[in-house]
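J.: This is the structure I want to talk about, given as structure tokens.
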Amino acid sequence: MNFELMAQAMPLLLTGAVVTVQITALSVLLGILIGLFVGIARISTFRIVHLVAAVYVDFLRGTPLLVQIFLVYFALPVVTGQRIDPFVAAIAACSINSSAYVAEIFRAGIQSIDAGQMEAGRSLGMTWVQTMCYIIVPQAARRVIPPLGNEFIALLKDSSLVSVIGFEELTRRGQLIIARTYASLEIWLCVAIIYLVMTVSISRLVAWLERRCKNSDQR
Amino acid sequence: MISVKHLKKVFGSVEVLKDINLEIEEKEVVVIIGPSGSGKSTLLRCINYLEEPTSGEIIVDGMKLGETDINKIRTEVGMVFQRFNLFPHMTAMENITLAPMKVRGASKTDAEGEAMRLLERVGLADRAAAYPEQLSGGQQQRVAIARALAMRPKAILFDEPTSALDPEMVKEVLDVMKDLARAGLTMAVVTHEMGFAREVGDRVLFVDQGMILEQGTPEEIFSHPKEERTKAFLSKIL
């Protein structure tokens with residue numbers, strides 16, 4: 001094994017890792033925003049809203065992310081006649097895909113809150129939206145931290161798929177270095193280790209957050 | 001104050017309430033008793049629309065349910081639940097001030113001043129900063145009563161307010177309720193506390209199988225029940 005080559009490739013790979021973190025963080029953030037709305041729509045009593053949200057979630061969870069990336073990057077421009085920047089396409093595909101999973105996490109979190117909480121809020125004359133905002137969502141937020149952490153980790157790994165549209169994140173960087181050096185073993189090992197360090201860090205961070213919330217719950 | 005006409009409620013194929021007619025006057029304390037599953041709680045929950053009536057008419061303080069904004073009616077009719085339903089992520093104080101601030105638009109200072117007076121009234125002024133899980137069941141229910149009172153409702157509906165409590169805590173909650181009754185609050189109380197019904201009830205309703213089978217003063221119902229089923233029910237619990 002060529003350790004010297006690994007050391008040389010590291011800085012380049014790490015800049016790729018930074019890009020990976022950027023797409024993932026941005027996609028998770030956007031995914032949470034969209035997912036919160038879709039998740040609430042999923043439990044709406046308005047049949048149309050409920051149905052649209054269900055179809056949205058089913059479509060995104062029922063088709064491969066890779067295909068979704070192709071749809072955004074290659075198929076969409078056919079319709080619009082405009083090329084899409086790989087970065088925009090990557091973020092769009094990842095965040096929309098993630099929003100479906102996040103929506104299900106929020107839906108489960110909200111439905112895990114005792115129905116008496118909604119009744120108590122409504123019985124005080126608060127609207128459904130007010131009760132959601134001030135009573136249900138804040139309680140659900142604590143319960144969704146662990147599954148959201150898992151989603152974050154899953155997305156970080158899945159973001160490697162955007163390498164297929166030539167977007168230079170960690171995996172793509174690895175491919176490019178190998179094309180030059182033919183050092184498959186060394187480079188893929190490095191890439192794997194960098195992913196591992198990132199995912200383990202995130203799961204530690206989530207565990208810490210979870211503990212902190214539990215403590216503040218008891219107070 | 002509250003007028004219920006031909007109220008019917010069907011869950012699936014089960015007729016839980018069959019043609020309920022009921023008038024509750026201002027300042028009246030109406031106690032609703034009856035076997036479990038008789039529809040007492042459903043009746044109460046229909047009055048503030050937590051359950052949507054299948055048919056019938058409910059008028060609260062001149063406002064007809066289904067025509068008036070339901071949130072407006074709910075600010076006039078408070079509700080106290082069997083399982084308290086306090087907001088666990090908020091202190092007692094925050095539980096009480098939330099709705100007045102968000103619904104009535106009260107300032108934080110005003111809402112907190114009012115909440116403090118209410119906490120004193122239910123004997124919990126020193127627990128304002130406590131979270132629900134730091135309070136005993138009886139204390140939680142008293143905070144829940146204060147929370148309902150904070151909206152200055154014209155009436156409060158009590159849905160088995162002491163049924164989830166340990167026996168030694170029942171009295172502290174009933175004492176608060178007696179105090180409210182004496183102060184002239186309009187109350188509808190579903191309960192199994194016959195002592196309470198006798199002492200503060202202006203009128204007692206016996207509900208069975210979705211109908212008001214018999215009603216009268218506590219004396220009439222408890223000492224001279226007319227219906228066989230009322231007699232049978234009372235003989236089991238007295």
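The values are calculated or read from the model by the stated rules, or taken from the named source; none is laboratory data. Note that this is a predicted model, so its numbers are computed, not measured. As a convention, Cβ positions derive from the backbone with ideal geometry for all residues, glycine included, and neighbour counts pool all protein chains shown. Please note that ligands, DNA and RNA were not included when accessible areas were found on the heavy atoms of the full protein model with its side chains. Shrake-Rupley method; radii C 1.70, N 1.55, O 1.52, S 1.80 Å.
J.: Out of B:VAL30, B:VAL14, B:VAL60, B:VAL77, which single residue is of a type in the set (A, V, I, L, M) and open to solvent by 60 Å² or more (accessible area, probe 1.4 Å)?
T.: Result of the check over B:VAL30, B:VAL14, B:VAL60, B:VAL77: B:VAL14.
J.: Right, something else. What is the one condition in (1) within 14 Å of another protein chain (Cβ to nearest Cβ); (2) among the small types (Gly, Ala, Ser); (3) open to solvent by less than 20 Å² (accessible area, probe 1.4 Å) that B:SER41 does not satisfy?
T.: (3)
J.: A:ASP85: under 21 Å from the mean Cα position of the chain (by Cα), open to solvent by 30 Å² or more (accessible area, probe 1.4 Å), closer than 24 Å to A:ALA54 by Cβ and of a type in the set (D, E, K, R), yes or no?
T.: no
J.: Let me ask something else about it. Please work out which one of (1) farther than 18 Å from A:LEU14 by Cα; (2) open to solvent by 70 Å² or more (accessible area, probe 1.4 Å) is the condition A:ILE193 fails and give its number.
T.: Condition (1) is where A:ILE193 drops out.
J.: Would you say A:GLY39 is of a type outside the set (D, E, K, R), open to solvent by less than 30 Å² (accessible area, probe 1.4 Å) and modelled with pLDDT under 95?
T.: Considered against the rule, which asks whether it is of a type outside the set (D, E, K, R), open to solvent by less than 30 Å² (accessible area, probe 1.4 Å) and modelled with pLDDT under 95, A:GLY39 comes out as yes.
J.: Please go through region B:99-118 and pick out each residue that is closer than 20 Å to A:GLY121 by Cβ and free of Cβ contacts under 8 Å to residues at least 40 places away in the same chain.
T.: Residues satisfying the conditions are B:MET101, B:LYS102, B:GLY105, B:ALA106, B:LYS108, B:ALA111, B:GLU112, B:GLU114, B:ALA115, B:LEU118.
J.: Conditions: (1) out of contact with any Leu (no Cβ under 9 Å at 6 or more places or on another chain); (2) open to solvent by 50 Å² or more (accessible area, probe 1.4 Å); (3) not small (Gly, Ala, Ser). B:THR97 meets all but one. Number of the miss?
T.: With (1) out of contact with any Leu (no Cβ under 9 Å at 6 or more places or on another chain); (2) open to solvent by 50 Å² or more (accessible area, probe 1.4 Å); (3) not small (Gly, Ala, Ser) applied to B:THR97, the lone miss is (2).
J.: What number goes with the only condition from (1) assigned to a helix (DSSP H, G or I); (2) surrounded by fewer than 18 Cβ atoms within 10 Å (Cβ to Cβ) that B:HIS192 does not pass?
T.: So B:HIS192 meets the others, but not (1).
J.: Could you go through region A:133-146 and let me know if any residue there is at pLDDT 90 or above and touching a strand residue (DSSP E or B) at 6+ places or on another chain (Cβ under 6 Å).
T.: Checked against the condition, which is being at pLDDT 90 or above and touching a strand residue (DSSP E or B) at 6+ places or on another chain (Cβ under 6 Å), region A:133-146 yields no hits at all.
J.: Can you pull out the residues in region B:154-181 that are without any contact (Cβ under 8 Å) to a residue 60 or more places away in the chain and under 19 Å from B:ILE2 (Cα atoms)?
T.: B:LEU180 - this is the single residue of region B:154-181 that is without any contact (Cβ under 8 Å) to a residue 60 or more places away in the chain and under 19 Å from B:ILE2 (Cα atoms).
J.: Is at least one residue of region B:52-70 out of contact with any Asp or Glu (no Cβ under 9 Å at 6 or more places or on another chain) and within 29 Å of B:MET116 (Cα to Cα)?
T.: Scanning region B:52-70, I find at least one residue that is out of contact with any Asp or Glu (no Cβ under 9 Å at 6 or more places or on another chain) and within 29 Å of B:MET116 (Cα to Cα), so the answer is yes.
J.: Continuing with the same structure: If you check B:VAL122, B:VAL80, B:VAL60, which single one turns out to be touching a helix residue (DSSP H, G or I) at 6+ places or on another chain (Cβ under 9 Å), within 12 Å of another protein chain (Cβ to nearest Cβ) and among the β-branched types (Val, Ile, Thr)?
T.: From the options B:VAL122, B:VAL80, B:VAL60, the qualifying one is B:VAL80.
J.: Let me ask something else about it. Answer yes or no as to whether B:MET169 is open to solvent by 20 Å² or more (accessible area, probe 1.4 Å) and either modelled with pLDDT under 95 or touching a Ser or Thr at 6+ places or on another chain (Cβ under 6 Å) (or both).
T.: So B:MET169 passes the test.
J.: Output the number of the condition that B:MET151 fails; it satisfies all remaining conditions of (1) among the aliphatic types (A, V, I, L, M); (2) under 20 Å from the mean Cα position of the chain (by Cα); (3) assigned to a helix (DSSP H, G or I).
T.: Result: B:MET151 fails condition (3) only.
J.: Here's a follow-up. Do we have any residue at all in region A:172-189 that's modelled with pLDDT under 95 and on the phi > 0 side of the Ramachandran plot?
T.: Yes, there is a match, as at least one residue in region A:172-189 is modelled with pLDDT under 95 and on the phi > 0 side of the Ramachandran plot.
J.: Pull up region B:195-238, narrow it to residues that are closer than 16 Å to B:LYS27 by Cα and assigned to a helix (DSSP H, G or I), then point me to the one that is most open to solvent (accessible area, probe 1.4 Å).
T.: Step by step, filter region B:195-238, then rank; the result is B:GLU199.
J.: The conditions are (1) out of contact with any Asp or Glu (no Cβ under 7 Å at 6 or more places or on another chain); (2) more than 20 Å from B:MET177 (Cα to Cα); (3) open to solvent by 20 Å² or more (accessible area, probe 1.4 Å); (4) of a type in the set (A, V, I, L, M), and B:ALA130 fails exactly one of them. Which is it?
T.: Status for B:ALA130: all satisfied but (3).
J.: Still on this structure: Tally the residues that are open to solvent by less than 10 Å² (accessible area, probe 1.4 Å) and under 16 Å from B:VAL189 (Cβ atoms), restricting the search to region B:145-161.
T.: 7
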